[in-house]
Every structure is written in structure tokens, then in C-alpha cells.
1. Out of the residues in the range 245-282 meeting the condition of being aromatic (Phe, Trp, Tyr) and modelled with pLDDT of 90 or more, tell me which one is farthest from PRO131 (Cα to Cα).
2. Of these, GLN24, GLN15, which one is more than 25 Å from VAL206 (Cβ to Cβ) and either assigned to a helix (DSSP H, G or I) or open to solvent by 80 Å² or more (accessible area, probe 1.4 Å) (or both)?
3. Within the range 241-267, can you find the residues that are open to solvent by 100 Å² or more (accessible area, probe 1.4 Å) and in contact (Cβ under 8 Å) with a residue 40 or more places away in the chain?
4. Among the residues of the range 3-57, write down those that are of a type in the set (Lys, Arg) and within 20 Å of ARG111 (Cβ to Cβ).
5. Give me the pairs, please: first residue somewhere in the range 114-143 and farther than 16 Å from ALA241 by Cα and in contact (Cβ under 8 Å) with a residue 60 or more places away in the chain, second residue anywhere and assigned to a helix (DSSP H, G or I) and open to solvent by 50 Å² or more (accessible area, probe 1.4 Å), beta-carbon distance under 7 Å, and either six or more positions apart or on two chains.
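The values are calculated or read from the model by the stated rules, or taken from the named source; none is laboratory data. Everything numeric here is computed off the predicted structure, so don't read it as measured data. Neighbour counts run over all protein chains shown; Cβ positions are idealised from the backbone, glycine included. We work out accessible area using only protein heavy atoms, side chains counted, and drop any ligands, DNA or RNA first. Shrake-Rupley method; radii C 1.70, N 1.55, O 1.52, S 1.80 Å.
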Amino acid sequence: MYSWNKAEDRAAIAQMNSELQHAQLELLSAHCATHQLRLRFSIEDIARYGQRDVLRKSAETASALSEYYSSIQEKIRREEAPSTANSGFSNVEDRGRAVIDQVSSYLRQQREHYFASAEQLTEQHKALMRPYFSASLLDHVRVVELDGKRLPNLPFHREAKALGFEHLPEFAHMASLTLIDVVVFNEKLTERSLFHALVHTVQFQVLGLEHCTELFVRSFGNAQFIVPLDAHAFSLESRFARPTPEKFSVEDEVRLWLKQGRYEGKREPGTDPHSFSKNSQPEHEI
């Protein structure tokens, strides 16, 4: 085992981290390519028409990588676990991870449920949103208007509150819920509500489902009123709604916030905090 205290090991550790960064970039590239497949083709079509040898090798590679990195992650968790005196924290962390996994699974399931009845954006809506979103995203996104019905709460909403996530939103009180690339509207679709929801689709696209869900859930677990994912969506929505709206790329804005660490609650000196008062926002959306 290497040791940073040994001079002869330091070069090897530096090389290891360099190769680790290279592997991470390759994985990110593969993740982006897979996400584009997910946006364009259903799982059913890929399973039916995809080349069997390519699918088999891809699945085997993904499974092996998942197993490898999961074992590293577990090792990190054990090494970073608090002392016995503070052992309760690991249980809290485990409960938080369980809620995050449940929400991710729920979003996937609901996405599949609503996709069948969802519709493409109208040409009018596409034209309105085109200065801010890519054509491929606007072609792929689907929307559902519930016409008087309301989204139910998470099926495990009470259990999550009992675990300490007391501020998880009530879906029935939200204007819409973004299910990765399908947006379900509790209320009538408006230009502003559509723009807001599409910001969340871009966040899912850039950050990934698991990361978005973790940021969302942990914000409520920490009793934060301002959720960075939502704060950014409201900030961009306000720019969109100006009397003389400016043209900007939502994807570029999301990538900038990601780079600056602002979705994690960080803020670079001199940047606009985009703070909101409790009375200036509707119920949290995602």
C-alpha cells in the first residue's frame, strides 16, 4: 500500500491521480453518449433493434465498472466514517441515501408512466423557447396537462418525513413536476411555467438524474428554504420574463453554475447570489 510519507511513493500517487482524472473524463464522455441515446430512443426500441453483441458488451462493461467504483466508494465511506462516539451520523447518511435512491426510482417510474400519454411541444412553444434551448431538447421533451387532476405525493412521503426530511414538497401544490424529459403540469401550461420546467430538463441532462435528485433531497434534509436547483430556475425564468427578454443559452448557464459549484451551495466572490424571499416564490418545483 502506498504512503504519502514515502518520497518514492509520491510520484506513483501523482500518476495514479492523473490516470484517475483521465478515466473520469472518459466515463463522462460515455455517460453523455448514453444520455443522448436515452433522449432519442426508448429502452424498448434499443432492446428490440440494438445490435446484440454491442448491447451485451456495453452492459458487461457498465456492470464491471459499477462494481469496481462501488467497491471504492464503500471503502471511502468506511474510512471516512465517524468514530464510535459519533456513529449515529453514518445511520443518518444511510437513511439519506435510501431516500435519494427512492426518489430517483420514483422519477424514473413516473417518467415511463406519463411518457405514453405525453405530447410533443407545439411549434409555437418551440419557436418561443428556441433562443434558450437546443432544438434537440425541444424536439424530445414531452408534456402532460392533468386537466383538473393533481399529482399525488411521493408514496413514501410520510416515511421520508419521519427520517428527518420534513420539508419535502407536496407535489399536488406544485405547478409542475419535471420527470427527466417529461413535464407533468398540475396547472395550465403557460410560457413561464414551461420555461421553468425546461430549465429542470437541462439540469437533468447536464448533471444526471442521480446528482440532481441528491442535490434536491439533501437541500430539504438540511431544512433549506432555497434549493439551488430551483433558485437557478427561478433566476433564469425572471430573465426570460423581462419586458425586453435577453437571449441566452440555458445549457451554458447550467454548466457555469455546475463549474462554480453553486448547485452545491458554493458561490464565487463577486457572483450574484440570486437570493429569493419566502414570499417571492411559489412551492418548490423540479
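1. TRP257
2. Testing whether each residue is more than 25 Å from VAL206 (Cβ to Cβ) and either assigned to a helix (DSSP H, G or I) or open to solvent by 80 Å² or more (accessible area, probe 1.4 Å) (or both) leaves just GLN15.
3. Across the range 241-267, the qualifying residues are LYS247, ARG255, GLU264.
4. ARG38, ARG40, ARG48
5. SER134/GLU251; HIS140/ARG40
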